[in-house]
Amino acid sequence: MPFYDYKCKECDHTWEEQQSVDGRNVPRYNPCPNCGTSDNIILVIGQPAIVDSIRMGVKKPPKNVEKRLREIQKAHPNMKQGRHGQNITEV
């Protein structure tokens, strides 16, 4: 099931939920998890998450790649990996 982004126009709170394609509009009629308003929830068009078989967990990366990733993570401890695989650096 895909993830969809929602935004409350009342308080500008944004969040994402995993919904079926048919159910993608259901959260628009529920209250905002931040302020409780249910009148101004919109579905936001976001960036698609494109993944490969390794990120999906279907295949494992080669051992030398895993070793190199551990070396990079050790050299750069502030670098984290986001849910979609992009690197996020905490400043």
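The values are calculated or read from the model by the stated rules, or taken from the named source; none is laboratory data. This is a predicted model, so every value here is computed, not measured. Here the Cβ is made from the backbone with ideal geometry for all residues, glycine too, and neighbour counts use every protein chain on show.
General remarks:
Condition check ((1) within 18 Å of the chain's Cα centre (by Cα); (2) surrounded by fewer than 11 Cβ atoms within 10 Å (Cβ to Cβ)) across all residues:
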position	(1), (2)
Tyr29	no, yes
Thr37	no, no
Ile45	yes, yes
Lys60	no, yes
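- Looking across segment 61-91 at every residue that is of a type in the set (Gly, Ala, Ser) and at pLDDT below 80, the one that is farthest from Ile50 (Cα to Cα) is identified as Gly82.
- Qualifying residue in segment 46-54 (condition: β-branched (Val, Ile, Thr), modelled with pLDDT under 85, more than 17 Å from Met1 (Cβ to Cβ) and touching an Asp or Glu at 6+ places or on another chain (Cβ under 9 Å)): no
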